[in-house]
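Participant: Please read through the structure below; I'll follow up with questions.
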Amino acid sequence: MLFPAVVLRCSLLLLACYSLDVAQSNGFPYTASSLTQTATGLTGTLTYQGSASSVTVSTLFLNVTYVSDDIVRIRMTDAQNARWEVPITLETVPGPTASMNYQVTYVESPFNLKVTRLGDGKVIFNLDPTQNFLYNNQQIVIMNNLGYPVYFYGLGERTSSFHLAPGVYTTFAKDNPGPYDSGNGGNNLYGHHPFYLAVDPSDGSAFGGFFLNSNDQDAYITTTNIEFETIGGVIDYFVFVGPTPLQVIQQYQSLLGTTVLIPYWGLGWHQCRYGYHSLQTLQEVANNYTSYVIPLDVMWSDIDYMDNYYDFTLDTSRYPQPQFSQWVDELHSIGRHFIPILDAGIAQQNYFGYNALLQMGCYITYPYSTNPFVGSVWPGNACFVDFFHPNSTQYWWNMLDTMRENVEFDGLWLDMNEASNFCWGECNATPVMNNFPYNPGNLNPNTKAIDMAAGHYGGIIEFDAHSLFGFTESRATSSYFAQHLQQRPFIIARSTFPTHGRYASKWLGDNFSGWDWMGYSIAGVFDMQMFGIPVVGADICGFMNDATEELCSRWTQLGTLYPFSRNHNDIDSVSQEPWALGPQYLQNSILAIRNRYSLLNYFYTLMFMSSLSPGNLIWQAAFFQYPDDSNLWDTHASDNFMIGEALIVHPCLQQGATSISAYFPQDIWYEWYFGAPLTLPPNQTVTLPAPAVGLINTHVRGGYIVPRLDMSSSANTALELRSSNTTLVIAPDASGKAQGTVIYDDGLNVNTISSGAYNTILYSYQQTLSSANFTISASTSGYTRPADEFPYISTLLIYACPSRVTAVENAQGALSVLLEFDPVHGKCMVFFDDLLPVDQAASLTINFS
Ligand SMILES: *[C@@H]1O[C@H](CO)[C@@H](O)[C@H](O)[C@H]1NC(C)=O
Ligand SMILES: *[C@@H]1O[C@H](CO)[C@@H](O)[C@H](O)[C@H]1NC(C)=O
Ligand SMILES: *[C@@H]1O[C@H](CO)[C@@H](O)[C@H](O)[C@H]1NC(C)=O
Ligand SMILES: *[C@@H]1O[C@H](CO)[C@@H](O)[C@H](O)[C@H]1NC(C)=O
Ligand SMILES: *[C@@H]1O[C@H](CO)[C@@H](O)[C@H](O)[C@H]1NC(C)=O
Ligand SMILES: *[C@@H]1O[C@H](CO)[C@@H](O)[C@H](O)[C@H]1NC(C)=O
Ligand SMILES: CC(=O)N[C@H]1CO[C@H](CO)[C@@H](O)[C@@H]1O
């Protein structure tokens, strides 16, 4: 793999390539000297021992840091010359103690380094420079050779199965819709995430790796090793000990930090399309939501609204003023919001956006020049903000302020920020930096990009910083909302990099209206959860190509449960708004969108928790909760998903199906909507109905209490929903216990977490055959909740209650309640007449007959 000729063969004849790669030993022996060991790590010098003239960096500085009890960092840098290092800040985590969960061992000559997990003695990192290692100026190869089979997950961004098939996976920010990446290289997408989770199928134990390197790179995966081959930067490699998949994610995300708190309305329903080409069309779509009585929180505008695709402008011939602003005001007056797109390229035209860019000097430059680099994007010739430049944030804030005078946006959609260029490297010229000893994915890195030699502030070149454009742009945009406007950022970006989730969110990009593409979105959402970007979703019904009524019905059932839930369409495709494809789709849309709104406080709590501590996911693969269930690692890894820990969802992904075969992990499950307990056969596979019109198959896990908002049947925005009462669905486990947490706050304030202005409420329940205790307690209570906001618990739905409820009492005596028993589903219903505020401490006894 060190030689391009071999790479070429890889993509033609994949399997042959792997056996070839594993068999050969393209490595270079090093010898360690001056090794110094301390309680927190190991440093030393590595010197190349051979005579190959191809080794250009022959003396390496080794720095192994015991970051924490569960994280070790291995850095190998050029001992003589400074090289590019990724300029992101990782969080500081509690350092190692006397009970570290790994051991680092080495051999000095030839140098070899291993990380072994204590507990089970498994090698989770094995670096052997005599094999598959190279450290050259523009070619670095490092293999983690485990010697035993593992399953790999992660390595984004791409459209792929969740469990990655052996193959080569290219990573570098690229605007390249499709195709499906089965491991043949060159199918990299917008984001750059060299993080992997590895699961040992012999016992389900897991570890992880993070190759902190922003250069264009390939990851070669076989069943027993993973090799990164990058064309720049340094080796900076984090190893996470696990030993469960969720612990690996928690360990990785403890470095990334917590994620941005988004506004409550951001979790509502979003409607978008490329081709809403006039104010009248935007109005008509929003009005149709009103007349069809379908909830809608956000109307979006693609590039249509701009004047000639110039950023920060409004085409007032098609979106006339003051009518346009009046319309946005109207949206706001009924609790709706407006989000427009912004592209990365600033039109090279005599207009304020370009003129200010020139004046402030914060643009990406031509190689070895101070002139702005000119590429070609939607507006034609365009320049790019250099977000490394000290003036860039001020420029960006000024432009957004100017834009906001015309277009009163509530959030922003950042597109084309790989950054994408319609010319390859240069328009009408060969890229200045065009020859590389190795081309990851067999693609020249200039493909749809800015010339790799183009300049950023401080001598940085595009070659190194390319994959950071979307991240740095998102960070500047996030500061505009959080610091300048003092609002929570709601930013949906396309290109991302590790730590993006601290600032902004993401959608999965330009997908296709196809059944396969609907299915792929599940792994896409899982990947972003691992990468620390929890608020994410795919374009519902698909972007390119024509959607059908059936596809849109199924995709809306699924997509209304994405953390970020938006219907978006291309300009050339048939309309796919809820009313556009037929009565069944309309009916399904209403059911599905209202189903989402019923779960909004559950989603909000999960989103909030990911902002409170790292490693909290909104969605997760079921094996994160059931790590021992081998059927979930691959076969059933992404035909189902869990929302938080409490709900499991089995979407219908097959055209023409009216039932699905649903695999469940071994546990107590209840049908979510009506409460029937699920009887699992020994093979844990159940046939579930999936009628053409209906709700998606969802089950609640025994042991959990999940809130359901009563007004989801009538509210038309998230704002209206905030006056809703709550029904608590109580799903007891085998010992009759259940618990759930709900966080209440104002859903808007940017300082909510720092000022502690939120109430963390724990609901707990414990039943025996004769009675049950239900308590409400608070672990934080810094929010003064207005009395009309989420006022009361109206109802308890107790699944698998032992018998009919006879009375509900507190210390003062019996409460006024209406009681119902549903013998068919084995469910008790308690409707409160007396008022039970959602977040006030209470202790009730429930008596059974
Ligand atoms: C080794 O790396 C750590 C960061 O992981 C750094 O704090 C430390 O200064 C480095 N040590 C040396 C000798 O460069
Ligand atoms: C709004 O709904 C009407 C009635 O279904 C439909 O004819 C019209 O095309 C819709 N408008 C848009 C822009 O979708
Ligand atoms: C920042 O912008 C100002 C004009 O607003 C300009 O005078 C200055 O040179 C710029 N700074 C840099 C580092 O280019
Ligand atoms: C699981 O077992 C049931 C019988 O309990 C059988 O009908 C079904 O076909 C089996 N499914 C699978 C996937 O093996
Ligand atoms: C309910 O709580 C009371 C007081 O703590 C306790 O005595 C009783 O056993 C509990 N009942 C159940 C069903 O857990
Ligand atoms: C909310 O619940 C309380 C107590 O059950 C009830 O009195 C009130 O009518 C409910 N409000 C709505 C809008 O249903
Ligand atoms: C560019 C691209 O293909 N993006 C996405 C579109 O489709 C699925 C989901 O439907 C995503 O996972 C892809 O990555």
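None of the figures in this text is laboratory data; all of them are computed from the coordinates on show. Owing to the predicted nature of the structure, the values given are computational and were not obtained by experimental measurement. For neighbour counting, all protein chains shown are included, and Cβ atoms are generated from backbone atoms with ideal geometry for every residue, glycine included.
Participant: Report the gain in length on full extension from A98 to E720: 0.36 nm times residue separation, minus Cα-Cα distance, nm rounded to one decimal.
Facilitator: Gain on extension, A98 to E720, equals 218.6 nm.
Participant: Ok, one more. Please state the equivalent ellipsoid semi-axes for the stretch 43-102: what are the square roots of 5 times the Cα gyration tensor eigenvalues, largest first, in whole Å?
Facilitator: Values: eigenvalues 169, 48, 12 Å².
For the stretch 43-102, the ellipsoid semi-axes come out as 29, 16, 8 Å.
Participant: Relative contact order for the stretch 213-289: what percent, with Cα pairs under 8 Å and sequence separation of 6 or more? Present the calculation step by step, with values, prior to reporting the outcome.
Facilitator: Working: 37 pairs, mean separation 12.5, N = 77.
Normalised by residue count, the contact order of the stretch 213-289 is 16 percent.
Participant: Still on this structure: Report Rg(Cα)/(2.2 N^0.38 Å) for the chain, keeping two decimals.
Facilitator: Working: Rg = 27.5 Å, N = 849, 2.2 N^0.38 = 28.5 Å.
This ratio for the chain stands at 0.96.
Participant: At a threshold of 8 angstrom on Cα-Cα distance, excluding pairs fewer than six apart, so keeping six or more, what relative contact order does the stretch 221-344 reach in percent? Don't skip to the answer; put the middle values down first.
Facilitator: Numbers: 106 pairs, mean separation 26.0, N = 124.
The value is 21 percent.
Participant: With N set to the residue count of the stretch 410-491, report its C-alpha Rg divided by 2.2 N^0.38 Å to two decimal places.
Facilitator: Numbers: Rg = 15.6 Å, N = 82, 2.2 N^0.38 = 11.7 Å.
Rounded to two decimals, the normalised Rg is 1.33.
Participant: Something else now. Using a 7 Å offset from the Cα along the Cα-to-Cβ direction at both N350 and E809, what is the distance between the two label points in nm, to one decimal?
Facilitator: Each label point lies 7 Å from its Cα, and together they span 8.7 nm.
Participant: Any idea what the relative contact order of the stretch 102-243 is, in percent, if you count C-alpha pairs under 8 Å spaced at least 6 apart? All intermediate terms of the calculation are to be shown ahead of the outcome.
Facilitator: Values: 367 pairs, mean separation 32.4, N = 142.
Relative contact order here is 23 percent.
Participant: Please grab the % of Cα pairs in the stretch 149-270 that end up more than 18 Å from each other. Mind showing how you got there, number by number?
Facilitator: Numbers: 4086 of 7381 pairs.
Above the 18 Å cut-off, the stretch 149-270 has 55 percent of its Cα pairs.
Participant: Something else: Over all directions, average the projected area of the Cα convex hull of the stretch 72-210 and note it in nm². Could you put the intermediate results ahead of the total?
Facilitator: Details: hull surface 42.8 nm².
Across all orientations, the stretch 72-210 yields a mean hull projection of 10.7 nm².
Participant: If packing is taken as the average number of other Cβ atoms within 10 Å across a peptide's residues, how do 811-822, 267-278, 482-493 rank, most packed first? Provide the component values of the computation, followed by the final result.
Facilitator: Values: 811-822: 12.8, 267-278: 22.5, 482-493: 20.1.
Listed from highest to lowest mean packing, they are 267-278, 482-493, 811-822.
Participant: Then there is this: Which lysines, if any, have their Cα less than 16 Å from the Cα of K114, not counting same-chain residues under 8 positions apart?
Facilitator: Partners within reach: K122.
Participant: Please list, by residue number, everything in the stretch 373-393 whose backbone N is under 13 Å from a paramagnetic label point 7 Å out along Cα→Cβ of H484.
Facilitator: The answer is 391-393.
Participant: Let me check I have the definition right: for the stretch 443-508, take the eigenvalues of the Cα gyration tensor, multiply each by 5, take square roots. What are those semi-axes in whole Å, largest first? Before the final figure, lay out each step's value.
Facilitator: Numbers: eigenvalues 133, 41, 13 Å².
Output for the stretch 443-508: semi-axes of 26, 14, 8 Å.
Participant: Which number do you get for Rg(Cα) / (2.2 N^0.38 Å) in the stretch 287-434? Could the numbers behind the result be given before it?
Facilitator: On the way: Rg = 17.5 Å, N = 148, 2.2 N^0.38 = 14.7 Å.
Relative to the 2.2 N^0.38 Å estimate, the stretch 287-434 comes out at 1.19.
Participant: Hull surface divided by four, with the convex hull built on the Cα atoms of the stretch 748-847: how many nm²? Walk me through the numbers before you get to the answer.
Facilitator: Numbers: hull surface 29.6 nm².
Spelled out: convex hull of the Cα atoms, projected over all directions, averaged, 7.4 nm².
Participant: Taking the convex hull of the Cα atoms, report for the stretch 755-796 its projected area averaged over all directions, in nm². Show your work: numbers first, answer last.
Facilitator: Working: hull surface 14.6 nm².
The Cα convex hull of the stretch 755-796, projected and averaged over all directions, gives 3.7 nm².
Participant: A further question on this structure: Ranking request for peptides 557-570, 306-319: highest mean number of other beta-carbon atoms within 10 Å first, then the rest in descending order. Kindly include the intermediate steps, with their values, before the conclusion.
Facilitator: Details: 557-570: 24.4, 306-319: 19.4.
With the highest mean Cβ count within 10 Å placed first, the list reads 557-570, 306-319.
Participant: Mind grabbing the base-10 log of I(q)/I(0) for the stretch 263-337 at q = 0.14, 0.26, 0.27 Å⁻¹? Debye formula, identical points on the C-alpha positions, no solvent, two decimal places.
Facilitator: Normalising to I(0) and taking log10 leaves -0.44, -1.32, -1.37.
Participant: Would you mind computing, in nm to one decimal, how far apart the modelled labels at T40 and S770 are, each placed 7 Å from Cα along Cα→Cβ?
Facilitator: The modelled label-to-label distance comes out at 6.0 nm.
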